[in-house]
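The values are calculated or read from the model by the stated rules, or taken from the named source; none is laboratory data. All values reported here derive from a predicted model rather than from experimental measurement. Neighbour counts run over all protein chains shown; Cβ positions are idealised from the backbone, glycine included. For the accessible areas, the whole protein counts, side chains as well, though only heavy atoms, and no ligand, DNA or RNA atoms are used. Shrake-Rupley method; radii C 1.70, N 1.55, O 1.52, S 1.80 Å.
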Amino acid sequence: MNVYDSERMADALAPDGYVQTDDAANADLVLINTCHIREKASEKLYSDLGRLRDMKAERADGADVTIAVAGCVAQAEGAEIIRRAPVVDLVVGPQSYHRLPELVARSRSAAPPAGDDQLAAAFEPRAKFDQLPKDRTATGPTAFLTVQEGCDKFCAFCVVPYTRGAEFSRPAEDIVAEARRLAEKGVREITLLGQNVNAYRAGSPDGPVELAALMRRLAEIPGVERLRYTTSHPNDMTDALIAAHAECPAVMPYLHLPVQSGSDRILKAMNRRHTAEAYVRLVERLRAARPDLALSGDFIVGFPGETEADFEATLDLIRQVTYASAFSFKYSRRPGTPAASAADQVPETVKTERLARLNELLESQRQAFNRSKVGTVMPILFERQGRHPGQLIGRSPWLQSVWTEAPDTLMGQIAQVEITGVGPNSLVGKRIEARAAADASA
Ligand code: 5AD
Ligand code: SF4
């Protein structure tokens with residue numbers, strides 16, 4: 001979501017003449033978009049600010065550089081950032097990005113701002129979505145599109161309900177219009193985003209619209225060939241959504257469905273409100289609907305009170321489900337969340353050891369999944385140049401990177417590719433048309 005938000009901030013600032021640069025040392029405005037989910041992500045801000053302070057001081061041309069902090073650290077620790085890092089001119093939380101042009105302009109004017117002009121941390125997302133520019137300067141064939149923000153689930157480890165606020169779903173009409181504009185710009189694959197994307201539910205002139213119905217409407221837009229959505233909570237996987245995987249060809253056979261732990265005791269302590277068994281059954285129903293469905297997940301090791309037996313239950317669940325890809329984390333204590341004050345915190349050394357074992361299993365499953373695709377033919381959406389001329393890199397339906405020889409004219413298009421090999425992080429393939437031509441001339 002931060003990638004999407006950063007793009008939207010750039011869109012909002014474009015009318016004032018701001019263009020993106022890769023070189024912070026020459027920028028007039030440096031905007032740091034931050035993540036608060038784990039302590040490490042959060043700490044990064046202060047080390048980045050230290051570097052920017054030196055850079056600003058050493059700036060030879062004496063240019064007036066504005067430094068702004070956005071994202072969830074801004075939301076959660078805005079006042080502290082201003083106190084701790086005087087180099088920061090402006091702090092804006094995730095629901096205030098539409099105010100960025102005005103806040104930046106005021107910050108760069110003669111009278112330096114203070115109070116509300118320096119720290120914007122509202123909680124109401126509606127105004128943002130209404131006021132951000134309609135047009136997106138999207139490039140490339142894939143795009144993110146936020147449909148939902150916030151979370152009402154309150155998992156015991158997680159800051160999201162506090163930083164992003166309550167669940168909010170954008171009106172379906174607005175999403176369809178945004179998707180249509182993306183498709184007109186050449187976007188073929190849209191990933192719908194939300195902290196609780198499958199809890200999406202909005203009113204519309206035709207009655208309530210849930211995620212499955214929204215995707216069916218998006219799939220009708222000319223040019224929209226692929227749809228994905230992330231991140232989902234198991235308890236919001238409705239029958240309609242499972243049916244959409246079976247019936248709607250645009251919905252890709254790949255689902256990010258975090259379970260966090262395979263131990264019922266820990267799931268309960270995490271306030272996940274489902275059992276390991278319920279999750280496994282849900283995966284079975286999804287796979288019955290769409291047999292080639294691959295899963296990705298999130299796992300936390302070392303949640304307070306996690307024993308060796310609890311951890312092994314997580315490994316067991318992973319063996320039972322099998323994942324094509326996954327993200328795994330050591331539990332990180334987040335201020336203000338219930339689990340942070342639990343007495344039975346797990347020692348760091350134990351977390352490290354469990355994470356290594358978890359990753360070993362997940363990595364072997366990822367590689368097995370990739371190997372299982374060798375010899376199959378799949379549609380690839382080409383999205384960037386390969387390392388060598390004449391090569392393109394694209395995405396499989398399962399989000400794998402696939403590179404193959406292909407002419408530039410196929411950029412942004414979908415072509416059938418036979419997978420011929422696997423590398424550590426990508427697949428190699430041969431276009432079917434290219435192979436047919438070679439066979440004919442042999
Ligand atoms: N510690 C470790 N991992 C966390 N996540 C969320 N909060 C924490 C935390 N306090 C992970 C969860 C979630 C993902 C986005 O980040 O696995 O699904
Ligand atoms: Fe955090 Fe996801 Fe749980 Fe919400 S559902 S509290 S975003 S982990």
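A few notes on this one:
- Of everything listed in (1) more than 16 Å from ligand 2 (Cβ to nearest atom); (2) open to solvent by less than 10 Å² (accessible area, probe 1.4 Å), the single unmet condition for ARG180 is (2).
- Candidate set from the range 137-161 (those that are open to solvent by less than 10 Å² (accessible area, probe 1.4 Å), among the β-branched types (Val, Ile, Thr) and part of a loop (DSSP other than H, G, I, E, B)); member that is farthest from ligand 2 (Cβ to nearest atom): VAL147
- Only one entry in GLY412, GLY386 is free of Cβ contacts under 8 Å to residues at least 24 places away in the same chain and farther than 30 Å from LEU315 by Cβ, namely GLY386.
- Residue tally, condition away from ligand 2 (no atom under 16 Å from the Cβ) and either in contact (Cβ under 8 Å) with a residue 60 or more places away in the chain or surrounded by 17 or more Cβ atoms within 10 Å (Cβ to Cβ) (or both), over the range 222-240: 5
- Residue match in the range 242-265 (condition: within 16 Å of ligand 2 (Cβ to nearest atom) and more than 27 Å from ALA368 (Cα to Cα)): no
- For PRO101, the stated conditions do not hold, so it cannot be described as within 16 Å of ligand 1 (Cβ to nearest atom) and outside the structural domain of GLY302 (by TED's automatic domain parsing).
- Search result, residues across the range 321-345 that are in contact with a helix residue (DSSP H, G or I) (Cβ under 7 Å, 6 or more places away or on another chain), within 12 Å of ligand 1 (Cβ to nearest atom) and under 20 Å from LEU355 (Cβ atoms): ALA326, SER328, LYS330, TYR331, SER332, ARG333, ARG334
- Considered as a group, the residues in the range 182-202 that are part of a loop (DSSP other than H, G, I, E, B) and touching a helix residue (DSSP H, G or I) at 6+ places or on another chain (Cβ under 9 Å) include one that is farthest from ligand 1 (Cβ to nearest atom), and that residue is VAL187.
- Leading residue by the ranking (farthest from ALA156 (Cα to Cα)) among those in the range 268-301 that are touching a strand residue (DSSP E or B) at 6+ places or on another chain (Cβ under 8 Å), within 16 Å of ligand 2 (Cβ to nearest atom) and open to solvent by less than 10 Å² (accessible area, probe 1.4 Å): SER296
- Number of residues in the range 220-246 that are touching a Phe, Trp or Tyr at 6+ places or on another chain (Cβ under 7 Å) and of a type in the set (Phe, Trp, Tyr): the value is 0.
- From the list VAL30, VAL87, VAL91, the lone residue that is touching a Lys or Arg at 6+ places or on another chain (Cβ under 7 Å) and touching a residue at least 12 places away in the same chain (Cβ under 8 Å) is VAL87.
- For the range 150-164, a residue qualifies if it is within 13 Å of PRO125 (Cα to Cα) and either within 7 Å of ligand 1 (Cβ to nearest atom) or in contact with a Gly (Cβ under 6 Å, 6 or more places away or on another chain) (or both), and the qualifying residues are GLY150, ARG164.
- Any hit, the range 203-220, residues being in a loop (DSSP other than H, G, I, E, B), out of contact with any Cys (no Cβ under 9 Å at 6 or more places or on another chain) and at positive phi: yes
- Where a residue in the range 150-162 is of a type in the set (A, V, I, L, M) and its partner, wherever it lies, is within 6 Å of ligand 2 (Cβ to nearest atom) and open to solvent by less than 30 Å² (accessible area, probe 1.4 Å), with Cβ under 7 Å and at least six apart: VAL160/CYS151
- Residues of the range 421-436 satisfying the condition of being open to solvent by 80 Å² or more (accessible area, probe 1.4 Å) and touching a residue at least 12 places away in the same chain (Cβ under 8 Å): ASN425, LYS430, GLU433, ARG435
- Those residues of the range 328-358 which are within 28 Å of ARG164 (Cβ to Cβ) and polar (S, T, N, Q), in sequence order: SER328, SER332, THR337, SER341, GLN345
- Scanning the range 330-351 for residues that are within 16 Å of ligand 2 (Cβ to nearest atom) and either open to solvent by 50 Å² or more (accessible area, probe 1.4 Å) or polar (S, T, N, Q) (or both) returns LYS330, SER332, ARG333, PRO335, GLY336, THR337, PRO338.
- ASP152 vs. criteria among the acidic types (Asp, Glu) and within 15 Å of ARG181 (Cβ to Cβ): no
- Enumeration of residues in the range 379-413 that are surrounded by 19 or more Cβ atoms within 10 Å (Cβ to Cβ) and either aliphatic (A, V, I, L, M) or assigned by TED's automatic domain parsing to the domain that holds ALA294 (or both): ILE380, LEU381, LEU392, VAL402, ALA406
- In the range 20-56, the residues that are open to solvent by 90 Å² or more (accessible area, probe 1.4 Å) and more than 22 Å from the chain's Cα centre (by Cα): ASN26, ARG51, ARG53
- Test result for SER169, within 16 Å of ligand 2 (Cβ to nearest atom) and either at pLDDT 95 or above or in the same structural domain as PRO304 (by TED's automatic domain parsing) (or both): yes
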